[in-house]
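Shown next, in structure tokens, is the structure this report addresses.
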Amino acid sequence: PSQCAKTRKIGTQNWQIENDAKVDPKKPYLCNLPSGKTIALFLYDGPISQNIAFGDTLKSGERFAARLLSAFDNRASQQLVHIATDGETYGHHQKFADMALAYCLNYVQTNKLANLTVYGQYLELFPPQFEAQINEFTSWSCAHGVERWRSDCGCHCGGGAGWNQKWRGPLRSALDFARDTMLLTFQSKGKEYFKDIWAARNAYIEVILNRAKANDFLARHGTEKALQDKPAAFKLMEMQNNALLMYTSCGWFFDEISGLESVQILAYAKRAMGYNKGLTGQDIEKPFMEKLALAISNIAAYKDGAYIYKNFVQPISIGLRKAAINYAISYLLDEILFEDRIYFYDISGQKVDVSRQDGAKLITGYGVFTNRLTTEARTVSFALLQAKGPNIMGGAIYGKTDNLEEIKEAFNFGEIEQCKNLIKGSFVDILDLKHLLKDKQMQLLSNGIEKAKKRMRANYLDLFEKERSILDYLQEFNLPMPPLFLSLVEFAINYEIKEELLKYPYDTVKIGDLINDLERVKGKLDEHSIKKILTKQLDTLTDVFAADTQDLQKAIKTADFLNFVEMFKLPINLYRAQNIVFNKIKAMAQPAKSNQIIKTLCNKLNLYID
């Protein structure tokens, strides 16, 4: 509403100046654009929106409904009450606000307190009777208009003392340079591949939302050349997609260019420039970084935008060869449950060999990697050596290589150093643990940690059994438990509880006794691990129930399990179970919904089924 400059009734001459956002939000307005077209504007209720975003209105659904309903006035004509808030308000900023929203809408509709509508329906029923003009270069979130996205306007989120946002201008300048350069590529190459490049660019959203529509998209918008060279046609579209993504608003919104939001938009820029290079051979990354160097970071160690790009963005860039190495790592982590895909590549025609030697492991192979975004397919050979624990080295190269047999031979003879040297000399991209993306680093390290924990666990449990008599005496005489002993007890009892939870059906008496033992010594439950186990078990039971909702024994088992969970006094994650059960029961006939067993299950899951 603060962006509205003037309003007037359509057909009249005199404009009313709108000050301090006192525009009437209960009706739509028509805005005449310089192009001669028009757009309908809905100016939301500012005070209520602010109160909902930053007040306590969302503490209950009825309070939320009452606040919205209070906005209606006594006018005789139709009126619309509507607000605008961030989607993340509902559940992220304010816990359980999503439930308040659902309850609010249900409460209004059930009690017939107002008609629920959407803007399109309202416009069709009640076309605008007034028109409006907006203040140019304004925004809802910055008092300085659009300056937050191009200058050091003074808006910030409370960063370090003395920080500034002078980096915003050079960041935008660098992205504008990349955009304009790629635009030339899009215009010159695009007309070879598309009948109308801008109509195709706008329609490409259909493919982004559903890749199965890619061929239909080319059939409608592509030229004969596009049908013959699909990868190039899709690279043009993906270049434009990433050029749009690199202008994501939050890249400028916060205080520091090294923040994850700015790093993310730079990652989009790198991807877009990569497509441009693939289409033209032109590498614009160097001049792009020169412009970024003018964006000075507030953190001395991070220097400027060029340093951040080199150290934060380039390392997370995954090309095809690096993707192949990560595919080998997935195979290393789990030879059974791995998938024939990695990131946005599908793998076919693969041949993967696993060699083992004195605790070490070698993965070698090749496969055809098909990019799901561009349909481009290339053969890649790869090798991955895991010497000890998470200590790995991997390499990849396009095409098939004869060196794989030589690498395997060196490994099988126990020549680990020779094996490493062969990998270094045979492949283009070489990665070790520090070069991997965080998810793969964590998986490998977690794998190593789990193996180490198994070794340590046996020693801990053995020590626990040997010192149990002392621990019993401490408990019997109510003496304080020394920290070292307490950690030993916590580890042993938590381990035993987790072992019991892996059995089904549960020995509830034994588990209850173990929990009591832990409480008696004032020990702590391993909440993270136990919640994870319980949630997984709930999801399994829910899937079994969802497969046959008429078998009430399955509903009873799920409800009984939720009763059992209560003894842990832990808030397990009900989200998946709630959604599955809600949708299944919602589809039931009314007599089935009314069954007491179904009602009990819903109650245990905090569900309300109308």
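The values are calculated or read from the model by the stated rules, or taken from the named source; none is laboratory data. Everything numeric in this text was worked out from a predicted model, so none of it was measured. Every residue, glycine as well, gets a Cβ built from its backbone with ideal geometry; the counts of neighbours run over all protein chains shown. Surface accessibility is based on the protein's heavy atoms, side chains included, excluding ligands, DNA and RNA. Shrake-Rupley method; radii C 1.70, N 1.55, O 1.52, S 1.80 Å.
See the values below:
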quantity	calculated
Test for S262: is it of a type in the set (S, T, N, Q), open to solvent by less than 60 Å² (accessible area, probe 1.4 Å) and under 21 Å from the mean Cα position of the chain (by Cα)	yes
Residue count for region 275-289, restricted to those that are in contact with a Ser or Thr (Cβ under 8 Å, 6 or more places away or on another chain) and surrounded by fewer than 21 Cβ atoms within 10 Å (Cβ to Cβ)	4
For R372: the one exception among (1) free of Cβ contacts under 8 Å to residues at least 40 places away in the same chain; (2) touching an Asp or Glu at 6+ places or on another chain (Cβ under 9 Å); (3) of a type outside the set (V, I, T)	(1)
A174 within 30 Å of H221 (Cα to Cα), small (G, A, S) and in a helix (DSSP H, G or I)	no
Residue satisfying all of: in region 248-259; among the hydrophobic types (A, V, I, L, M, F, W, C) and farther than 15 Å from K310 by Cβ; least open to solvent (accessible area, probe 1.4 Å) among these	W252
Pick from region 118-145, criterion part of a loop (DSSP other than H, G, I, E, B) and open to solvent by less than 40 Å² (accessible area, probe 1.4 Å), ranking: farthest from S249 (Cα to Cα)	P128
Residue check, N106 farther than 30 Å from T138 by Cα, touching a residue at least 60 places away in the same chain (Cβ under 8 Å) and of a type in the set (S, T, N, Q)	yes
Among residues of region 331-351, those that are at pLDDT 90 or above, open to solvent by less than 40 Å² (accessible area, probe 1.4 Å) and more than 23 Å from the chain's Cα centre (by Cα), counted	1
Those residues of region 123-180 which are charged (D, E, K, R) and more than 30 Å from T12 (Cα to Cα), in sequence order	E147, R148, R150, D152, K166, R168, R172, D176, R179, D180
Positions within region 366-390 being touching a helix residue (DSSP H, G or I) at 6+ places or on another chain (Cβ under 7 Å) and within 30 Å of E415 (Cα to Cα), in sequence order	V380, S381, F382, A383, L384, L385, Q386, A387, G389, P390
In region 172-196, the residues that are of a type in the set (A, V, I, L, M, F, W, C) and either open to solvent by less than 20 Å² (accessible area, probe 1.4 Å) or touching a Leu at 6+ places or on another chain (Cβ under 8 Å) (or both)	A174, L175, A178, M182, F186, F194
Test: residue in region 521-532 that is more than 30 Å from P480 (Cα to Cα) and not aliphatic (A, V, I, L, M)	yes
Pair list, Cβ under 7 Å, 6 or more apart: region 484-511 residue over 17 Å from L463 (Cβ atoms), other residue of a type outside the set (A, V, I, L, M, F, W, C) and assigned to a loop (DSSP other than H, G, I, E, B)	E500/Y506; E500/D507
Hits in region 470-522 (condition: of a type in the set (S, T, N, Q) and in contact with a helix residue (DSSP H, G or I) (Cβ under 8 Å, 6 or more places away or on another chain))	Q475, N494, T508
Top-ranked residue of region 487-509 - restricted to ones that are open to solvent by less than 40 Å² (accessible area, probe 1.4 Å) and part of a helix (DSSP H, G or I), ranked as nearest to L541 (Cα to Cα)	L501
Given (1) touching a Leu at 6+ places or on another chain (Cβ under 9 Å); (2) surrounded by 19 or more Cβ atoms within 10 Å (Cβ to Cβ), index of the condition I318 fails	(2)
Cβ-Cβ under 9 Å pairs, at least 6 apart or on other chains, region 235-247 side closer than 14 Å to Y193 by Cα and of a type in the set (A, V, I, L, M, F, W, C), far side open to solvent by 20 Å² or more (accessible area, probe 1.4 Å) and outside any helix (DSSP H, G or I)	M237/L373
Scan of region 102-117 for residues that are assigned to a loop (DSSP other than H, G, I, E, B) and open to solvent by less than 60 Å² (accessible area, probe 1.4 Å), ordered by number	A114, T117
Which listed residue is open to solvent by less than 30 Å² (accessible area, probe 1.4 Å) and closer than 19 Å to T370 by Cβ, from A232, A243, A203, A267	A232
Residues being in a loop (DSSP other than H, G, I, E, B) and either open to solvent by less than 50 Å² (accessible area, probe 1.4 Å) or within 17 Å of S2 (Cβ to Cβ) (or both) - total across region 146-163	7
